[in-house]
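This report concerns only the one structure given below.
Rule-based calculations on the coordinates, nothing more; no lab input. Note that the structure is predicted; figures quoted are calculated from it, not measured. Cβ placement follows ideal geometry from the backbone for every residue including glycine, while neighbour counts extend to all protein chains displayed.
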Amino acid sequence: MEKPPIILSTVGVLLVGAVTMSFGESASPAANPADVTAIRALYQRMMDGWNKGSGEAFVFAEDGEQVAFDGTHFQGRQEIAASHQQLFDTFLKGSRLVGKVQHVRFLTP
């Protein structure tokens, strides 16, 4: 009997450079619509990478950094992609990531 896929729902805040996507916040009045569209597309690309089980497709930044739940620090696309691929091949195999960006708010000084 095939087990049903695990579905994970994204909750909280995703930080991308100097931009934050936060649920329940209103969009900045000075926000460039093209920037908002690009951020939404990036979030969708990350979910698509997860749902394909591809560590390489899930990671979007060459110089990114990640701190895992256990405190392990990964630096750069290659390390982050490899760590996610290991998860996708084992514990997260067949899982699905679902989520929706409701609002985009840009950080200001």
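The table for this structure:
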quantity: Other-chain or far-sequence residues with amide H under 5 Å of Val104's (modelled H); calculated: Ala27
quantity: Residues whose placed amide H lies under 5 Å from that of Leu97, excluding near-sequence neighbours; calculated: Leu8, Asn51
quantity: Sparse-neighbour loop sites [chymotrypsin sites (Phe, Trp or Tyr not before Pro); the range 61-109; at most 15 other C-beta within 10 Å; DSSP]; calculated: Phe69, Phe91
